Amino acid sequence: MERNLKNVLVISFGFLLLFTAYGGLQSLQSSLNSEEGLGVASLSVLYAALIFSSMFLPPILIKKLGCKWTIAISMCCYIAFSLGNFYASWYTLIPTSVILGLGGAPLWSAKCTYLTIAGTSYAEKAGKNAKDIINQYFGVFFLVFQSSGIWGNLISSLILSQSSTKVEISEEDLECCGAHNCLTDTTNTTGSAKPSNSLIYTLLGVYTASGVLAVLLVIIFLDQIKSDQAETEKEKLEAPSFWSTFLATFRHLKDKRQCLLIPLTMYSGFEQGFLSGDYTKVYVTCALGIQYVGYVMICFAAVNSLCSLLFGKISQFTGRKFLFALATVTNTACIIALLLWKPDPKQLAVFFVFPALWGLSDAVWQTQTNGLYGILFEKHKEAAFANYRLWESLGFVIAFGYSTKLQAYIKLYILLSVLVLSMVTYGAVEYLEARSSPGTPTATKKENGGPCSQETHM
């Protein structure tokens, strides 16, 4: 096997193992650690740490440690979060959430850097176009990585469904489910909502082992990039001073279009935060039991992946405006339906319809918003995508931060309000673009922000 391709596969399967564990754990946090809102508080802290990490750590760690060891050490930060869940408390989960958040940005940045160098190196040897090879390598990576959402949630549901405690949910308990949920720690009533400690430890053991395997895979099989190969990339990291790069992120806010895109970017964090932090708890866990969370999130992940691939292909024919309109209508319909629908275990299929439609919408928000940033800010991509990560992470922080303080219907109204504001400001961006370049079909330009701009999911 060609050596560079071997390294690409090692990274891809390392990330698959790592995010099989993290993805499954994130989906369960609001249900598994519901006492005093510990689970969602940990996620809020995690994304706050990620904001800090994105601004400061990646260039420093990659320069000092190289890509291989940055990836390996950052993966250990994810394992710490799994270990913190064994004895979940404010003294274990919050610190490990900070550790994971700090490791998140260097992990993704080092992965991007490694695959870019590997693709460029192979292209030079084979006399091929570097951009084509790099895109192929990222295609292989995402083909393998995207399935992690399916495997992680499948493992959780298979293990947690082994619970011998099956209690019939009473009408009184169901009254605390849905949009007008009861603001207590006992919203997930029923005996099946909280699995036995042995099952929880089994699940966490599997997730921890998966993370450890990911680290071992990288340490043993991933080649360190030779110093001469990495020199060019290091120069890129050193070229702009640290503080100039940091300040460039905020100087970019002088661009009116960037300011107008802030609501849309934050909405991406709000809507993902609602699905994983609120829908899984007050609809699925409350009415069906925690063992169904994994199956529901598998539905979301599968539809999201398929639609991401589909929309990436058809956007050149439909234009981004049509896709944004489709996502807006779909998300709005889901929000209104969730406000009106009272969860009922007899309507099992409905619990899967919402994440499926949510996955369709999220695919648009991810692919098209990234592409929009790449097109609008082609000359300032680093600062633009730093803003993307900043505002989306802030959306996560806020969504998880108020998760336990407000009833679901209030959060749905907030979500709807932010969505409406996002579309108004997005429309203003399109108007400014049309006015500045009349006759230029920017909506159908086949451009994007590059493979490294696509990592919006932790």
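Accessible-area rank, largest first, for Thr202, Thr425: Thr202, Thr425, with all protein chains present and a 1.4 angstrom probe.
In the chain, the alpha-carbon atoms span a convex hull of 136 Å³ per residue.
So how tilted is helix 242-251 from the main axis of the chain? Cα-based, degrees 0 to 90, rounded to 10. For helix 242-251, the angle is close to 70 degrees. The residue among Ser30, Ser361, Phe221 whose Cα reaches farthest toward the positive pole of the charge dipole of the chain, with charges on the beta-carbon of Lys, Arg, Asp and Glu, is Phe221.
Counting only heavy atoms of the protein chains, get the accessible area per residue of the stretch 247-435 (1.4 Å probe) and round it to a whole Å² value. Provide the component values of the computation, followed by the final result.
Details: 7050 Å² over 189 residues.
Heavy-atom accessible area per residue stands at 37 Å².
For the stretch 1-130, with the dipole built from +1 on Lys and Arg beta-carbon atoms and -1 on Asp and Glu ones, taken about the Cα centre, which of Trp69, Ala80, Trp90 lies farthest toward the positive end? Checked the options; the winner is Trp69. With R₀ fixed at 51 Å, the C-beta to C-beta distance from Val420 to Val140 puts the FRET efficiency at about 0.85. Per residue, the chain reaches -25500 deg cm²/dmol at 222 nm when only DSSP H runs of four or more residues are counted, each adding -39500 (n - 2.57). The packing ranking, built from the mean of other Cβ atoms within 10 Å per residue, places the peptides 247-256, 145-154, 407-416, 280-289 in the order 280-289, 145-154, 407-416, 247-256, highest first. How many angstrom separate the Cα center of the stretch 60-102 from the Cα center of the stretch 266-303? Their Cα centres are 24 Å away from one another.
Spin-label model, Leu326 to Leu65: label points 7 Å out along the Cα-to-beta-carbon direction sit 4.0 nm apart.
The separation of the stretch 325-362 from the stretch 107-152, counted between C-alpha centres, amounts to 34 Å. Among Cys182, Cys112, Cys76, the sequence by solvent-accessible area, most first, with a 1.4 Å probe is Cys76, Cys182, Cys112.
Going toward the positive end of the dipole of the stretch 247-435, with +1 on Lys and Arg Cβ and -1 on Asp and Glu Cβ, which of Ser403, Ile314, Ser422 do you reach last? The one lying farthest along the dipole's positive direction is Ser422. The label-point distance for Leu83 and Asn197, in a model that sets each label 7 Å from Cα toward Cβ, rounds to 2.0 nm. In terms of accessible area, using a 1.4 Å probe and ignoring ligands and nucleic acids, Ser305, Ser42 rank largest first as Ser305, Ser42.
For Glu378 and Leu340, compute 0.36 nm times the residue count separating them, minus their Cα-Cα distance, and round to one decimal in nm. Write out the running numbers ahead of the final one.
Values: separation 38, 0.36 × 38 = 13.68 nm, distance 4.29 nm.
Gain in length upon complete extension: 9.4 nm.
Sorting 215-225, 132-142, 24-34 by their mean Cβ neighbour count within 10 Å, with the most densely packed peptide first, gives 24-34, 132-142, 215-225.
Summing charges over neighbours of Val215, with a neighbour being any other residue whose Cβ is under 15 Å away from its Cβ, gives +2 when K and R count +1 and D and E count -1.
For an R0 of 35 angstrom, estimate the FRET efficiency from the Cβ-Cβ distance between Thr318 and Glu36 and round to the nearest 0.05. Write out the running numbers ahead of the final one.
On the way: r = 46 Å, r/R0 = 1.32.
The computed FRET efficiency comes out at 0.15.
Rounded to a whole number, what % of the accessible area of the stretch 365-407 do carbon and sulfur atoms account for, probe 1.4 Å?
On the way: 850 of 1500 Å².
About 56 percent, which is the carbon plus sulfur part of the accessible surface.
Summing Cβ point charges (Lys, Arg +1; Asp, Glu -1) relative to the Cα centre of the stretch 247-435 gives a dipole of roughly 260 debye.
The magnitude of the dipole of the chain, with charges of +1 and -1 set on the Cβ of Lys/Arg and Asp/Glu and taken from the Cα centre, is near 1140 debye.
If R0 is 22 Å, the Cβ-Cβ spacing of Ala434 and Lys254 corresponds to a FRET efficiency of close to 0.55. Counting charges near Ala408 (Lys, Arg +1; Asp, Glu -1) among other residues having Cβ under 11 Å from its Cβ returns a value of +1. May I ask which of Lys281/Lys342; Lys111/Lys321; Lys64/Lys111; Lys321/Lys379; Lys313/Lys381; Lys63/Lys256 have a Cα-Cα span longer than 25 Å here? Correct reply: Lys111/Lys321; Lys63/Lys256.
For the stretch 56-120, what does the equivalent ellipsoid look like in terms of its semi-axes, each the square root of 5 times an eigenvalue of the Cα gyration tensor, given largest first in whole Å? Mind showing how you got there, number by number?
Details: eigenvalues 145, 22, 12 Å².
That gives 27, 10, 8 Å for the three semi-axes.
Spatial offset of the stretch 207-223 relative to the stretch 375-420 amounts to 32 Å, using the alpha carbon center of each.
The values are calculated or read from the model by the stated rules, or taken from the named source; none is laboratory data. From a predicted model like this one, the values you see are computed outputs, not experimental measurements. Note that we place each Cβ from the backbone using ideal geometry, even for glycine, and neighbour counts take in every protein chain shown. Note: areas computed on protein heavy atoms with side chains; ligands, DNA, RNA excluded. Shrake-Rupley method; radii C 1.70, N 1.55, O 1.52, S 1.80 Å.
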